[in-house]
Amino acid sequence: MPLRQEDVQRIAHLARLAITDEEAARTLAQLNDIFGMIERMRAVDTDGIEPMSHPLGGAQRLREDAVTEMPDRERNLANAPAQQDGLFLVPRVLE
Amino acid sequence: MSLHQASLAELAKRLAARELSAVELAQHFLARIDRHRALNCFLDVRPEVTLAQAREADARRARGEHGALLGIPVAHKDIFVTRDFASTAASRMLEGYMSPFDATVVARLSAAGMVTLGKVNCDEFAMGSSNENSAYGPVLNPWDTSAVPGGSSGGSSAAVGARIAPVATATDTGGSIREPAAFCGITGTKPTYGRPSRWGMIAFASSLDTAGLMTVSAEDAAWVLSAVCGFDPKDSTSVDRPEEDFTRDLGHPVQGLRIGVPKEFFASGLQPEVERPVRAALEVYRSLGATLVDISLPTAELGIPVYYVVAPAECSSNLSRFDGVRYGHRASARGDREPLNLEDMIKRSRAEGLGAEPKRRILIGAYVLSHGYYDAYYIKAQQVRRLIANEFQQAFTQCDLIAGPVTTSVAFGFGEKAADPVSMYMSDLYTIPGSLAGVPSVSIPCGFGEGAHASRPVGLQLMANYFDEARLLGAAHQYQLATDWHRRAPPAFAD
């Protein structure tokens, strides 16, 4: 079932992407082309096939819960768009 | 012979004999980078940093060190973060970003004494097949500047193709090393998934992203790959295996080697001007004593649909870190209004900082992972991925290597596919199956196109089973001993 423009707006909200109606309209046609191409995959019989999340399988490795390095606060904050007193500044969260 | 025409082995020999210093070598390549700026390969060049690293390499040699890579220059794809050069992933989102640390691959090559020439251009966040998705403008193909260099590692492939860097790092998620290597007439090497560390590679699709190399020859690749690969506790999918010397099979003849030729890679869609040189390369292997075996990878053609579910899903998750809070672009007070609140700031920062292709993939990914669609798309794609990987394992019971074309066509022109995402995605038809399986693969030059495309290179793809890089590079080297395609350099960049 093809996507509609309101689907694009909904997905964009889920992905926290601002999108204009004009962009949504243009994107809609492209996404429907792409999902049309993807559709072919859905005809394959995959009954009982274990999903492959990683080429080499196996469990994720865990490490010792130990301090290995100290963050370089100054260098990390140097890339922040806005900071004050060693903290990241953001716009108002609570109205 | 000019320094930029020498192999790594020749450069290493001259450095070891003290006929050449790392500083002189770095200066030679920095001058070439400057002279050929029009290719738009480099996004950040800092000669003072490069020359300081070269002086350090010379000092290490003076102290008695003698590693094969000590003093050899390398350019890094701008997907690897570096402390001393900006790291942008070719995105406005990360313009001017200075990483607090070096990626493991960068750190390992520095430890081996390699000298960083700078950061090279690519498609934004490594998403693309033509380099047209860079926020800093496309790279030109040194063989034909009206053609794309391929992508996403287009800066890496064009820099090595034009001989303005002897080696470049690159990354491959669905073909981003092999396709640009084919388009630029050089050797591109993607090792087994998990062999090189992903630590410090700006993440796109974590179950596929693999670091690798652009070099002139397979021999050069074998030398550098030995330093690139190794277990890294900082990468949770890094494979804990002993380090290897990938040069060990370079001298092995291919006599008796079984090369599988998948019939699906020669179906309709493959341009005759690509098929002819690829078939001729297979005949070279036969004449060298290899056996060609007909094989089938029936589900491989579904690689593209599978990939365009799995990769965007992982991309939408990975790129959620770009929120305009801790680093990267933040929507400013300029424009129509101040951000209203945190969510508005995040949405607008992402809308302004990210380009069209990452946004498209984020939207696809968010959709296939969303409630009600997860099983139908994401789980289904992972199941078909398993079928494709199983077919590779079945094939490797019949053959030692798999060979075929890298791409359906030679390099295409700027703008030819940019407006049609699906036709661009088809560029990776033959490279995506190996990426989904996670097997190692190389692209080596094997000829040129025809007519108006007579100066556009063609690549041969070789794939091996997991961890069989030494044999893979050995077989590629044997072809390069018998042919000289890899030594052809674009005439416009000879000086």
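The values are calculated or read from the model by the stated rules, or taken from the named source; none is laboratory data. Since the model is a prediction, treat every value here as computed from it, not as a measurement. Please note: Cβ atoms are built from the backbone with ideal geometry, for glycine as well, and neighbour counts cover all protein chains shown.
Give, as residue ranges, the helices (runs of 4 or more DSSP H) completely inside the stretch B:252-360 that count at least 1 residues that are at the interface with another protein chain (Cβ under 7 Å from one of its Cβ atoms) and among the small types (Gly, Ala, Ser).
The qualifying helices (runs of 4 or more DSSP H) are B:303-318, B:342-353.
Quickly run through the stretch B:350-368 and pick out the residues that are free of Cβ contacts under 8 Å to residues at least 60 places away in the same chain and farther than 14 Å from B:PHE125 by Cα.
B:ALA351, B:LEU363, B:ILE364, B:GLY365, B:ALA366, B:TYR367, B:VAL368
Restricting to the stretch A:47-74, give me the number of residues that are closer than 30 Å to A:VAL8 by Cβ and more than 9 Å from every other protein chain (Cβ to nearest Cβ).
Looking only at the stretch A:47-74, we keep the residues that are closer than 30 Å to A:VAL8 by Cβ, and these are A:51-53.
Retained after the next criterion (residues that are more than 9 Å from every other protein chain (Cβ to nearest Cβ)): none.
Of the residues in the stretch A:47-74, 0 are closer than 30 Å to A:VAL8 by Cβ and more than 9 Å from every other protein chain (Cβ to nearest Cβ).
Among the residues of the stretch B:430-450, write down those that are surrounded by fewer than 24 Cβ atoms within 10 Å (Cβ to Cβ) and hydrophobic (A, V, I, L, M, F, W, C).
Within the stretch B:430-450, B:PHE448 is the sole residue that qualifies.
Starting from residues that are within 16 Å of A:GLY48 (Cα to Cα) and among the aliphatic types (A, V, I, L, M), keep the ones in the stretch B:376-395 and report whichever is farthest from the other protein chains (Cβ to nearest Cβ).
The qualifying residue farthest from the other protein chains (Cβ to nearest Cβ) is B:ILE388.
Filter the stretch B:259-269 down to residues that are farther than 17 Å from B:VAL442 by Cα and at pLDDT 95 or above and give me whichever is farthest from the chain's Cα centre (by Cα).
Among those residues, the one meeting the criterion is B:LYS263.
What are the pairs, 6+ residues apart or on separate chains, where a residue within the stretch A:6-19 that is surrounded by fewer than 18 Cβ atoms within 10 Å (Cβ to Cβ) has its Cβ under 7 Å from a residue that is hydroxyl-bearing (Ser, Thr, Tyr)?
Between residues of the stretch A:6-19 that are surrounded by fewer than 18 Cβ atoms within 10 Å (Cβ to Cβ) and residues that are hydroxyl-bearing (Ser, Thr, Tyr), the close pairs are A:LEU14/B:SER370.
Out of the residues in the stretch A:36-46 that are at the interface with chain B (Cβ under 9 Å from one of its Cβ atoms) and not in a helix (DSSP H, G or I), which is nearest to A:GLU6 (Cα to Cα)?
It comes out as A:VAL44.
I need a count of the residues in the stretch B:441-467 that are assigned to a loop (DSSP other than H, G, I, E, B), on the phi < 0 side of the Ramachandran plot and among the aromatic types (Phe, Trp, Tyr).
Total meeting the criteria: 1.
Please enumerate the residues belonging to the stretch B:60-94 that are more than 27 Å from the chain's Cα centre (by Cα) and closer than 24 Å to B:LEU225 by Cα.
Correct list: B:ARG60, B:ARG61, B:GLY64, B:GLU65, B:HIS66.
Collect the residues in the stretch A:10-35 that are of a type outside the set (A, V, I, L, M), more than 16 Å from B:LEU369 (Cα to Cα) and more than 8 Å from every other protein chain (Cβ to nearest Cβ), keeping them in residue-number order. First the steps, then the outcome.
Taking the stretch A:10-35 as the starting set, the residues that turn out to be of a type outside the set (A, V, I, L, M) are A:10, A:13, A:16, A:20-23, A:26-27, A:30, A:32-33, A:35.
Right, trim to more than 16 Å from B:LEU369 (Cα to Cα) and you get A:20-23, A:26-27, A:30, A:32-33.
Hits for the stretch A:10-35 are A:THR20, A:ASP21, A:GLU22, A:GLU23, A:ARG26, A:ASN32.
So how many residues does the stretch B:283-299 have that are out of contact with any helix residue (DSSP H, G or I) (no Cβ under 8 Å at 6 or more places or on another chain) and under 12 Å from B:PRO262 (Cα atoms)?
Going through the stretch B:283-299 one residue at a time, the tally reaches 1.
Among the residues of the stretch B:372-387, is there at least one that is surrounded by fewer than 23 Cβ atoms within 10 Å (Cβ to Cβ) and assigned to a loop (DSSP other than H, G, I, E, B)?
Scanning the stretch B:372-387 turns up at least one residue that is surrounded by fewer than 23 Cβ atoms within 10 Å (Cβ to Cβ) and assigned to a loop (DSSP other than H, G, I, E, B).
Are any residues in the stretch A:75-91 in a helix (DSSP H, G or I) and either over 28 Å from B:ARG348 (Cβ atoms) or at the interface with chain B (Cβ under 7 Å from one of its Cβ atoms) (or both), and if so, which ones?
A:ARG75, A:ASN76, listed by residue number.
When B:ARG326 is evaluated against the numbered criteria (1) in contact with a strand residue (DSSP E or B) (Cβ under 9 Å, 6 or more places away or on another chain); (2) buried (at least 18 other Cβ atoms within 10 Å of the Cβ), which criterion, by number, is the only one it fails?
All conditions are met except number (2).
So in the stretch B:391-429, with the set limited to residues that are among the aliphatic types (A, V, I, L, M) and either touching a His at 6+ places or on another chain (Cβ under 8 Å) or assigned to a loop (DSSP other than H, G, I, E, B) (or both), which one is surrounded by the fewest Cβ atoms within 10 Å (Cβ to Cβ)?
B:ALA419
Determine whether B:PRO457 is buried (at least 23 other Cβ atoms within 10 Å of the Cβ) and more than 13 Å from chain A (Cβ to nearest Cβ).
Judged against the criteria, B:PRO457 is a match.
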